[in-house]
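Chemist: Encoded as structure tokens, here's the structure I'll be asking about.
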Amino acid sequence: MKSNLKIRNVCCIGAGYVGGPTMAVFADKCPNIKFVVVDKNKDRINGWNSENAKSLPVFEPGLEKIIRKTRGENLFFTSDLQQSISNADMVFISVNTPTKEKGLGAGQASDIKWVEVSAREIAKNAKGFTIVVEKSTMPVRTAETIKDILSAAEINSYKTKSFSVLSNPEFLAEGTAINDLENPDRVLIGGDDKDSIDLLSSLYANWVNPEKIIKTNLWSSELSKLAANAFLAQRISSINSIGALCELTGANISEVAHAIGADTRIGNKFLNAGPGFGGSCFRKDLLNLAYLSRHFGLPEVANYWESVIDLNNWQRDRISKVVVEKLFGTVSGKVISIFGFSFKANTNDTRDSPSIKVVQDLLEEGALLYIHDPKVTASQIEEVLKIKQNCFTDKDFIQKTENAYWQYSKSVRESLINSDAAIFLTDWEDYKNIDWNSLSKLMRVPAWIFDCRAILSRESIVEAKLNYWRLGDGSNI
Ligand code: UDX
Ligand code: ADP
């Protein structure tokens, strides 16, 4: 039956950062297959269906163009879960799997509540033979849970329903999602049913070289995704640890990274020192890996991966300390501009962004913050910080207040007015060519520029008579 099956209707549960862009690229590359993306969040679905590009729930370069081309043709967004599952030959599970906040494994294990809910919906609504694909990053052996739920439905339906479960983790990085999907380094498919693996593989074969499609057992596929993210995160903690040493020894992290990366065994990518990694994946996956290792009786392995997070936390914490120290030991009542609130450039995602911790620390110290980001909105920042913005531009206010405040700023220029310091935390292109010669005059001297991404021109800042500190740069000493 399966070898004759053709995939005509695909459903994806979860219209988030993974589900939306992934299905858009699938729809573009497989015009003869219908893709329906479902989400219980109606606002999200309305956003995906909106004609206004700004209302798309996810900002990704190139995404809007693909949505315009495929939406209404073979790509649909809906909140009708039951119908979408019933019609589907293949269902992707792309729901969120956040770190558990309470109960067993709180703060460490991933919460697969939504995966379980999705599996139950599939069990109830699927018809005939359905291939179920894990797309979200899952703890190893989650497929076991999905299989258990689906097998019970198989038996209950007197085998009128049957299922095959595959793992097909997503390796896209935000900001480059479309390119990562269109030109993947590899596609990974894990499972124990060859026909189902081949069917999923045939979808990818529309645009991916078959040599890049890696087929493994289910558990290798699930674990590979966690391990890949853990290795990437570890690289960032490694380079950040060396960056801190550079600052004290006169070495320069850009030069050291170049020298290390020239070794082809190490490679030159993912070696940029910065304020620490953020995003929805690295911390969550490292915590999950550590939790699993401990669960399986490997505390040393757990400690090893946890140390990658410890280093990352330390890196975030030390930024505000450097700023306070340079500003004569106090930032209370001083105006500081924060440039960049997303966790990296080219995304409006703020999940686990290093900027959050830096902002919280400086607010705690009593600073008045301007926050600027080309894509993150004021209401997003209010939601993350759980503090409403205030207007503090009037000078009397600054002198009178003893509280900490922040204000959203629409431009780099506006942010710099009366600022004592500017901290660059996200590597947005917009920040790379600031005209320091003219804008420096807006700042209150002696003013400091803190470059935590090594994206600014030291010469033009120093020429503009501003003090400059660059993360990982020993010439600060
Ligand atoms: C990551 C993985 O790259 C991707 O394969 C996986 O599917 C999801 O998790 P993402 O979190 O979107 O993707 O972004 P990524 O580019 O990996 O960056 C993560 C964090 O590391 C960001 O905060 C980024 O600024 C930081 N980073 C990255 C550095 O500090 N230095 C680097 O050299 C690279
Ligand atoms: P990711 O980065 O993994 O894509 P997101 O949080 O951006 O995570 O998206 C996950 C989406 O999955 C959310 O929009 C959420 O509403 C949706 N979701 C979670 N559980 C269900 C469910 N049971 N049915 C439908 N949609 C769901």
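Chemist: Testing Glu60 on (1) over 21 Å from the mean Cα position of the chain (by Cα); (2) crowded, with 20+ Cβ neighbours inside 10 Å, one condition comes back false. Which one is that?
Modeler: For Glu60, the failing item is (1).
Chemist: Is one or more of the residues making up segment 262-272 of a type in the set (Val, Ile, Thr) and within 18 Å of Ala228 (Cβ to Cβ)? Break it down stepwise before answering.
Modeler: Narrowing segment 262-272 to residues of a type in the set (Val, Ile, Thr): 264, 266.
Filter once more, keeping what is within 18 Å of Ala228 (Cβ to Cβ): 266.
Taking every residue of segment 262-272 in turn, at least one turns out to be of a type in the set (Val, Ile, Thr) and within 18 Å of Ala228 (Cβ to Cβ).
Chemist: Follow-up question, since we're still on this one. Being under 27 Å from Thr347 (Cα atoms), surrounded by 15 or more Cβ atoms within 10 Å (Cβ to Cβ) and in contact with a Ser or Thr (Cβ under 7 Å, 6 or more places away or on another chain) narrows it down to one of Pro169, Pro184, so name that one.
Modeler: On the way: Pro184 fails: in contact with a Ser or Thr (Cβ under 7 Å, 6 or more places away or on another chain).
The match here is Pro169.
Chemist: Residue check, Gly175 against (1) among the small types (Gly, Ala, Ser); (2) assigned to a loop (DSSP other than H, G, I, E, B); (3) more than 16 Å from ligand 1 (Cβ to nearest atom), all met but one. Which one?
Modeler: Among (1) among the small types (Gly, Ala, Ser); (2) assigned to a loop (DSSP other than H, G, I, E, B); (3) more than 16 Å from ligand 1 (Cβ to nearest atom), the lone unmet condition for Gly175 is (3).
Chemist: Okay, moving on. Of the residues Ala15, Ala27, only one is crowded, with 24+ Cβ neighbours inside 10 Å and away from ligand 2 (no atom under 13 Å from the Cβ); which? Write out each step before concluding.
Modeler: Values: Ala15 fails: away from ligand 2 (no atom under 13 Å from the Cβ).
Residue meeting the stated conditions: Ala27.
Chemist: Continuing with this model, one more query. Would you confirm whether any residue within segment 1-8 is at pLDDT 95 or above and either within 24 Å of the chain's Cα centre (by Cα) or away from ligand 2 (no atom under 15 Å from the Cβ) (or both)? Steps first, answer last, please.
Modeler: First pass over segment 1-8, keeping only residues at pLDDT 95 or above: 7-8.
Filter again for either within 24 Å of the chain's Cα centre (by Cα) or away from ligand 2 (no atom under 15 Å from the Cβ) (or both), leaving 7-8.
The answer is yes, given that some residue of segment 1-8 is at pLDDT 95 or above and either within 24 Å of the chain's Cα centre (by Cα) or away from ligand 2 (no atom under 15 Å from the Cβ) (or both).
Chemist: Testing Val133 on (1) in contact with a Leu (Cβ under 8 Å, 6 or more places away or on another chain); (2) more than 16 Å from ligand 1 (Cβ to nearest atom); (3) of a type outside the set (Ser, Thr, Tyr); (4) not in a loop (DSSP other than H, G, I, E, B), one condition comes back false. Which one is that?
Modeler: Condition not satisfied by Val133: (2).
Chemist: While we're here: Of all residues in segment 65-83, count the ones that are surrounded by 16 or more Cβ atoms within 10 Å (Cβ to Cβ) and within 24 Å of Glu182 (Cα to Cα).
Modeler: Number satisfying all stated conditions: 8.
Chemist: If I filter segment 209-227 for residues that are out of contact with any helix residue (DSSP H, G or I) (no Cβ under 8 Å at 6 or more places or on another chain), within 25 Å of Thr426 (Cα to Cα), assigned to a helix (DSSP H, G or I) and among the small types (Gly, Ala, Ser), do I get at least one hit?
Modeler: No, that holds for no residue.
Chemist: Restricting the search to segment 110-136, which residues are under 21 Å from Asn229 (Cβ atoms) and surrounded by 19 or more Cβ atoms within 10 Å (Cβ to Cβ)?
Modeler: Listed by number, the residues that qualify are Ser110, Asp111, Ile112, Val115, Val133, Glu134, Lys135, Ser136.
Chemist: Within segment 135-142, is even one residue over 22 Å from the mean Cα position of the chain (by Cα), under 30 Å from Lys161 (Cα atoms) and within 11 Å of ligand 2 (Cβ to nearest atom)?
Modeler: Here is the first cut: in segment 135-142, the ones over 22 Å from the mean Cα position of the chain (by Cα) are 141.
Then drop every residue that is not under 30 Å from Lys161 (Cα atoms), which leaves 141.
Filter once more, so that each one left must be within 11 Å of ligand 2 (Cβ to nearest atom): none.
No, because not a single residue in segment 135-142 is over 22 Å from the mean Cα position of the chain (by Cα), under 30 Å from Lys161 (Cα atoms) and within 11 Å of ligand 2 (Cβ to nearest atom).
Chemist: Looking only at helices (runs of 4 or more DSSP H) that fall completely inside segment 235-344, which ones have 2 or more residues that are surrounded by 18 or more Cβ atoms within 10 Å (Cβ to Cβ) and near ligand 1 (Cβ under 10 Å from one of its atoms)? Can you show your working first?
Modeler: Values: elements: 253-261, 282-295, 299-326.
Passing ranges, in order: 282-295, 299-326.
Chemist: Here's a follow-up. For segment 141-161, how many residues meet the condition of being out of contact with any Lys or Arg (no Cβ under 9 Å at 6 or more places or on another chain) and either closer than 16 Å to Lys225 by Cβ or not in a loop (DSSP other than H, G, I, E, B) (or both)? Give the derivation first.
Modeler: Within segment 141-161, the subset out of contact with any Lys or Arg (no Cβ under 9 Å at 6 or more places or on another chain) is 141-148, 151-152, 155-159.
Narrowing the set further to residues that are either closer than 16 Å to Lys225 by Cβ or not in a loop (DSSP other than H, G, I, E, B) (or both) leaves 141-148, 151-152, 155-156.
Number of matching residues: 12.
Chemist: Still on this structure, please answer the following. Give the residue, chosen from Leu223, Leu199, that is away from ligand 1 (no atom under 16 Å from the Cβ), crowded, with 16+ Cβ neighbours inside 10 Å and of a type in the set (A, V, I, L, M). Give the derivation first.
Modeler: Values: Leu223 fails: away from ligand 1 (no atom under 16 Å from the Cβ).
Unique residue meeting the criteria: Leu199.
Chemist: Continuing with this model, one more query. When you scan segment 12-99 for strands (runs of 3 or more DSSP E) that lie fully inside it, which ones turn up with 2 or more residues that are modelled with pLDDT of 95 or more and within 16 Å of ligand 1 (Cβ to nearest atom)?
Modeler: On the way: elements: 34-38, 75-78, 90-93.
Where strands (runs of 3 or more DSSP E) fall fully within segment 12-99 and carry at least 2 residues being modelled with pLDDT of 95 or more and within 16 Å of ligand 1 (Cβ to nearest atom), they are 90-93.
Chemist: Which one of these does Val208 not meet: (1) crowded, with 18+ Cβ neighbours inside 10 Å; (2) free of Cβ contacts under 8 Å to residues at least 24 places away in the same chain?
Modeler: Condition (2) is where Val208 drops out.
The values are calculated or read from the model by the stated rules, or taken from the named source; none is laboratory data. Fair warning: this is a prediction, and the values are worked out from it, not measured in the lab. Cβ atoms come from the backbone with ideal geometry, glycine included; neighbour counts cover every protein chain shown.
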